[in-house]
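The values are calculated or read from the model by the stated rules, or taken from the named source; none is laboratory data. Since the model is a prediction, treat every value here as computed from it, not as a measurement. Positions of Cβ are generated from backbone atoms using ideal geometry, with glycine treated the same way; all protein chains shown enter the neighbour counts.
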Amino acid sequence: MNDAVIQLDSVSKIYGKGEAEVRALDSVSISIDRGDFVAIIGASGSGKSTMMNIIGCLDGATQGTYHLDGIDTGTLDEFQLAQIRNRKIGFVFQNFNLIPRTRAVDNVSMPLAYAKVHRKERRDRALEVLDSVGLAERADHKPSQLSGGQQQRVAIARALVTNPVLLLADEPTGALDTKSSHEILDLFESLHANGRTIVMITHEADVAARANRVVRFQDGHIIEDHRIRAVNAHPMATAVPA
Amino acid sequence: MMIAESVRFALTGVMANKMRSILTTLGILIGIASVIVLLAVGAGTSNAIKAQIGKLGTNVLTVSRQTTAGGRAAGGGQAVTGPRSRGTNLTLQDMAALTDPVMAPDVAATAPVVTAQNVTGTYQDATHAVATFVGTTPSYFSISNDTLAAGSYFSDGDASSGTAVAVIGNTVAQDLVGSSVTSAVGQTIALNGQNFVVSGVLAQKGSSGLNDPDDIVVIPYSAAQDKFTGYSPSLASITVQAKSADVMNQAQNEVQMILDARHNVTSANRDYQVRNQAQILTTATTTTATLTILLGAVAGISLLVGGIGVMNIMLVTVTERTREIGIRKAIGASRGSIVSQFLIESLIISLIGGVLGIAAGYIGSAFPLLGTQPEVQWWTVWLSFLVSAAIGLVFGIYPANKAAKLRPIDALRYE
């Protein structure tokens, strides 16, 4: 096993058949190392969302193999995939996707409930992670009582609570104002500085510029793979003040 | 996924749409309550009828002459011997034999019955067609569970000497003499033109709906033979009281053995028949059981409708919360956790409905309905509870499965 968290070999995702065949991903191979901060960019329809679904084990590849943390995901059944999503991946979505009418602390602790962690331990762990994203005092607020930036930070706390090997963010700043966007990106950078592996999908060039490596998709192919900084470089050193 | 957690998630779901949950619960509540109330009405009716028959005596056998030709024809070829010299009559000697403590240890008392049809009573200007006219001995009263409202019974001496006295039922007393039944005592009434002095009025038994047990005139058997049927050694029937309701069958066997011997017949060619109050009770019970099943079926249908309501609401809930299901799946919920969450949600709705329905059923059964006091059967309570749980499971499983089968990417994309 090498140190790659994500290892895609000739992965294709094909919708339809014959004439109507659409290759959302066409034989994509990529390897993402532990501790890296990768931005996946591309226009809509470029395949980056399909890429996100496959990396996140939300959808399976039509062809090729995908190893996540050394595990061949193609061999797993539905239950095992649910466990993989629970233990190995933390999702951050554009629309936050918090459970409505549910307190921040309960949203954050929810993945732990599916991991069969005890109630008391769950709560302690959730509060700890909420504190780390700066929302300790909002633990008992419902999503509707939080601003967009705060909701996204709750979502990040939820993604981190199981201590996953991969933080997978889909347009994490897409629904936020500039100030909140900066705060979220700063948070990502500090997580990366602490060794977290992050894959972020975005269509904004300035957002992508915060990553170490930028992968550009077009028509289901990788057309550019550009490294800005070394894998474990600490971008906090050059980060704009929060 | 721990069950406690599923319950907590499910409760959140139920509370999220309070009005909807309450209305769905109401569907189950009404179904369960109507099952309990209607079955209680069935049981109440059944018990009321049993009590009525009980008042008439549950430990009573009636020995009557066989009027069909079957017994005679079969016995026709045999030599007629011994005590059967008077053909197929039931005699006072037969009756006396039935009280033999050795041969019939389970017989407590006997009374002869001589009847006449179309007896009309008159008192001054009032007339009344008597429904039941009985000539007997005083033991008849205790066997029939009769009690006196006023006056007294006639004596054994009156019975054998044929004194013209009568004990009348409440209906007869009211029709002939008027509202104050006690004033009837001591009056002279005419029965088919024959004068009788009213010695007593019986306490009211109450109608069982089919016939009026209070529409009765009881006179000494010898008086009935003298003045109505003409002298005949044969009685219409013999009323036999068993020592208790439990020994009815033994008493019946003893009566049959004694009479078979005296009449020189066998079970194949009997010239008399023994009727058992228990058989009448069985008939009545069968009738009310049919009624109960019918009522239960109607209530069951309303319960089914309630169950469909649960399913309907759960399907709406699943559709409405597609996105939530997607999120839960993305953060690691397995199919099983999603199924249990929604299944428990429908269970909670139907169990709350069930428990409230049981309470409503109890309250509803406290009031008289259809002329009877409903009696809640404990087993219907358990049954209702189990049925409401089953409804939650059966009608919840499809929506829950539908939720669990959603693909996370489709569910997340759902707006």
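Here are the numbers:
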item: Selection from the range A:106-116 of residues that are in contact (Cβ under 8 Å) with a residue 24 or more places away in the chain and either surrounded by 23 or more Cβ atoms within 10 Å (Cβ to Cβ) or within 18 Å of A:Leu187 (Cβ to Cβ) (or both); result: A:Asn107, A:Val108, A:Ser109, A:Met110, A:Pro111, A:Leu112, A:Tyr114
item: Residue that is buried (at least 22 other Cβ atoms within 10 Å of the Cβ) and among the basic types (Lys, Arg), where the choices are A:Arg158, A:Arg216; result: A:Arg158
item: Those residues of the range A:186-207 which are crowded, with 20+ Cβ neighbours inside 10 Å and of a type in the set (S, T, N, Q), in sequence order; result: A:Thr197, A:Thr202
item: Those residues of the range A:62-71 which are touching a Gly at 6+ places or on another chain (Cβ under 7 Å) and crowded, with 17+ Cβ neighbours inside 10 Å, in sequence order; result: A:Tyr66
item: Output for the range B:2-22, where each listed residue is of a type in the set (D, E, K, R) and outside any helix (DSSP H, G or I); result: none
item: Breaking point among (1) crowded, with 19+ Cβ neighbours inside 10 Å; (2) not in a loop (DSSP other than H, G, I, E, B), for B:Asp226; result: (1)
item: Scope the range B:317-330; condition away from chain A (no Cβ under 14 Å) and touching a Lys or Arg at 6+ places or on another chain (Cβ under 8 Å); matching residues; result: B:Val318
item: Given (1) more than 34 Å from the chain's Cα centre (by Cα); (2) surrounded by fewer than 24 Cβ atoms within 10 Å (Cβ to Cβ), index of the condition B:Gly364 fails; result: (1)
item: Conditions (1) at the interface with another protein chain (Cβ under 9 Å from one of its Cβ atoms); (2) surrounded by 15 or more Cβ atoms within 10 Å (Cβ to Cβ); number of the one not met by A:Arg119; result: (2)
item: Condition met for A:Thr173 (more than 14 Å from chain B (Cβ to nearest Cβ), under 17 Å from the mean Cα position of the chain (by Cα), at pLDDT below 95 and within 20 Å of A:Thr202 (Cβ to Cβ)); result: yes
item: Tally, over the range B:7-19, of residues that are surrounded by 15 or more Cβ atoms within 10 Å (Cβ to Cβ), more than 9 Å from chain A (Cβ to nearest Cβ) and either of a type outside the set (Val, Ile, Thr) or within 14 Å of B:Ile338 (Cα to Cα) (or both); result: 4
item: Set B:Ala43, B:Ala48: member being touching a strand residue (DSSP E or B) at 6+ places or on another chain (Cβ under 8 Å), within 14 Å of B:Thr292 (Cα to Cα) and surrounded by fewer than 24 Cβ atoms within 10 Å (Cβ to Cβ); result: B:Ala48
item: Subset of the range A:62-105 (residues that are among the small types (Gly, Ala, Ser), facing chain B (nearest Cβ under 10 Å) and either without any contact (Cβ under 8 Å) to a residue 24 or more places away in the chain or touching a Cys at 6+ places or on another chain (Cβ under 9 Å) (or both)); result: A:Ala82
item: Qualifying residue in the range B:248-256 (condition: out of contact with any strand residue (DSSP E or B) (no Cβ under 7 Å at 6 or more places or on another chain), in a helix (DSSP H, G or I), under 28 Å from B:Ile53 (Cβ atoms) and without any contact (Cβ under 8 Å) to a residue 40 or more places away in the chain); result: yes
item: Test result for B:Ser237, within 20 Å of B:Leu98 (Cβ to Cβ) and over 20 Å from the mean Cα position of the chain (by Cα); result: yes
item: Those helices (runs of 4 or more DSSP H) lying entirely in the range B:79-193 with at least 2 residues hydrophobic (A, V, I, L, M, F, W, C); result: B:92-98, B:139-143, B:170-176
item: Candidates A:Gly90, A:Gly74, A:Gly42, filtered to the one that is touching a Phe, Trp or Tyr at 6+ places or on another chain (Cβ under 7 Å) and surrounded by 21 or more Cβ atoms within 10 Å (Cβ to Cβ); result: A:Gly42
